[in-house]
Structure formats: C-alpha cells, structure tokens
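Below is one structure; the comments refer to it alone.
Every read-out reported here was derived from the displayed coordinates using simple, explicitly stated rules and does not represent laboratory data. For clarity, every value in this text was computed on a predicted model and none was experimentally measured. As a convention, Cβ positions derive from the backbone with ideal geometry for all residues, glycine included, and neighbour counts pool all protein chains shown.
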Amino acid sequence: MSPASTYRGRLAPSPTGLLHLGHAQTFWMAYQRALQAKGVLVMRNEDLDPQRSKPEFAAAMLEDLRWLGIWWQEGPDVGGLHAPYVQSRRRKFYLDAWRRLVRAGYVYPCRCSRKDLARSAQAPHDEDDEPIYPGTCRPGIGGPQASGEIAVPESPAGLNWRFRVPDGEAITFDDGRLGPQLYIAGDDFGDFLVWRRDDVPAYQLAVVVDDAAMRIIEVVRGADLLRSTARQILIDRALGWEPPAWYHCPLMNDERGQRLAKRHDALSLRALREQGRKPDEIIAMFS
Ligand code: GLU
C-alpha cells in the first residue's frame, strides 16, 4: 500500500456575499490540486467580520460549492456534509498568537483613527490593498530585538494592533503557479493590522493561525492575496512556524474588464444556476 498523502489544502470563503465565477474557479483549482495529490481538503468559514458576514451567505457558499461538485473531507458530518471550521468560534487561538506577538515585541498598539490614516497614510500599491501605515504609533525602540519581554494587556479590545514590518527587507517565496515572488517590507506594504479596535482579529493573523493549526501544506487562493502572502510569511516567522506552500490563481474580470466582486450578482453561481447553467458549463469557463 502506498503511504497516505500528507497534502492538506483548504477552501476559505468569507460569507460576505454570494460566490461568483472567480471564486468558483479558485475553489475548483484548490479541489483539483488536493485530488491530484490524493490529499485532504478542509472547509473554513471565514466569518470574523461581524458587520459583513451573514449566516445565509455561509449556507449559500457551502451549497453552491457542493452543487459545482467540490467535496471537502474534514469536519463533523452534518446530514452528509462535513461542517466547516468556523473562525468566529476560534477566538482563543487568535488571542494566544496575539499575546505571543505582543510579548515578543512584534506587534504594537495603534491609536490612529480612520480619519488620521486618511490624512497621513500612503495610498496602497493596488486598489485592493490597505494604505501603507506611516508609522505614527510605532514605538521608537522595541521590536523583536528589544531585550526582555513586553507586558501584555489583558485584552486587545479598544486599540488597533499592528505588526511591525522589517523595513527594507525582501520577503520572497516561490508561487506554485507564478514562480518566484519578491516584496519589500515597508515599501510594498507597511505595518499591518493583526487585531482591530472593535476586538475582531484581523484576517492576516487569523489565516496564519488557522493554516498552521489545520496543518495546511499548500494554500490555493486568488492572486489578489499575493502581497498578503508576504505579510503572512512574517507572522509565521515571528511565531516560529514553517509557512505553507503557495499557489495563487488567476482573477476573473467581467465583460467591461472590471474585476469580479461580490457585488456582481449577475455572475454569482446562484444566478447562473437559476438561469439553468450546469456545473460542467461553469467548469468549462475556467482558464
Ligand atoms: N477568506 C478570504 C476571502 O474570501 C480568503 C482567505 C485566504 O484564502 O487566505 O477573500
């Protein structure tokens, strides 16, 4: 018997709208890569944003992906469907990581308001990204080189918490589809949020903690997250974890050349299904 594959991939949709063709293409690729490797695929509901996440979108995304023919293999069986891991129930893991990062000086509190940032932050390099933080609240001394441990408050609530990036350092990785990638910390991206003032863990931290805890071997996701990969490598490194491998999928545009977004309801899987499109026809549209 051949040894069981160690490949573990994940599907990590956010329930903030209906999935569109671009998501479907990415998730289809993730599924194909797990199948080829005879590995396991994990489903993770990334519902941390309390304002934008809706249970009805969470139900729709699972249903639409199953309709398309995508299977995942882990999680308790609920009526023949493996229930996803749910980020909003995993807060204690994110808090542990936040504590470790603060204690070691990688993360600092930030009091800047949205208004302050609008005035002073540099525009991001691409429209999807957050502005480059000007460093207003970055401590002059400290950082991971500082001697001794930094006192950690009881809770992160009420302040933003930012990861201090090593300015000028090249962060490199090999993408499984796009080849070698390089981003310069402090130039391509600045000190980024790991915890929000409204006491919500930021995407960058939650995704790194979960990919490590779920022993993900390869992350397959959209190319809009390439720059985030560089940030996530820094968090992995600070926590002493080996980053996964990366595979970033092409993004899809609409007929006017605009990137598909959740507002493109006409190209949602739901709408295409309702028009009578079959899964095979959808899959044939993927590049
Ligand atoms: N939940 C994120 C999204 O839907 C994707 C996260 C990831 O794949 O790392 O945009």
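Taking the criterion of being more than 26 Å from Ser287 (Cβ to Cβ), in contact (Cβ under 8 Å) with a residue 60 or more places away in the chain and not β-branched (Val, Ile, Thr), the residues of region 204-231 that qualify are Leu205, Ala206, Asp210, Ala213, Met214, Arg215, Arg231. Filter region 151-187 down to the residues that are small (Gly, Ala, Ser) and either free of Cβ contacts under 8 Å to residues at least 60 places away in the same chain or within 25 Å of Pro131 (Cβ to Cβ) (or both) and list them by number. Selection gives Ala151, Ser155, Ala157, Gly158, Gly168, Ala170, Gly179, Ala185, Gly186.
Filtering region 46-68 to residues that are surrounded by fewer than 17 Cβ atoms within 10 Å (Cβ to Cβ) and of a type in the set (A, V, I, L, M, F, W, C) leaves Ala59, Trp67. Please work out if Val152 is of a type in the set (A, V, I, L, M, F, W, C), within 16 Å of the ligand (Cβ to nearest atom) and closer than 27 Å to Val86 by Cβ. Against the criterion (of a type in the set (A, V, I, L, M, F, W, C), within 16 Å of the ligand (Cβ to nearest atom) and closer than 27 Å to Val86 by Cβ), Val152 does not qualify.
You will find that of Leu269, Leu239, the residue that is under 20 Å from Leu193 (Cα atoms) and not aromatic (Phe, Trp, Tyr) is Leu239 and no other. The test for being within 20 Å of the chain's Cα centre (by Cα) and surrounded by fewer than 16 Cβ atoms within 10 Å (Cβ to Cβ) holds for Asp96.
Taking residues in region 232-249 that are touching a residue at least 24 places away in the same chain (Cβ under 8 Å), and partners anywhere that are in a loop (DSSP other than H, G, I, E, B) and acidic (Asp, Glu), the pairs with Cβ atoms closer than 9 Å and at least 6 places apart or on different chains are Leu234/Glu169; Asp236/Glu242. There is no residue in region 69-83 that is crowded, with 16+ Cβ neighbours inside 10 Å, among the aromatic types (Phe, Trp, Tyr), free of Cβ contacts under 8 Å to residues at least 60 places away in the same chain and within 16 Å of the ligand (Cβ to nearest atom). Per the listing Met29, Met43, the residue uniquely free of Cβ contacts under 8 Å to residues at least 60 places away in the same chain, away from the ligand (no atom under 11 Å from the Cβ) and buried (at least 19 other Cβ atoms within 10 Å of the Cβ) is Met43.
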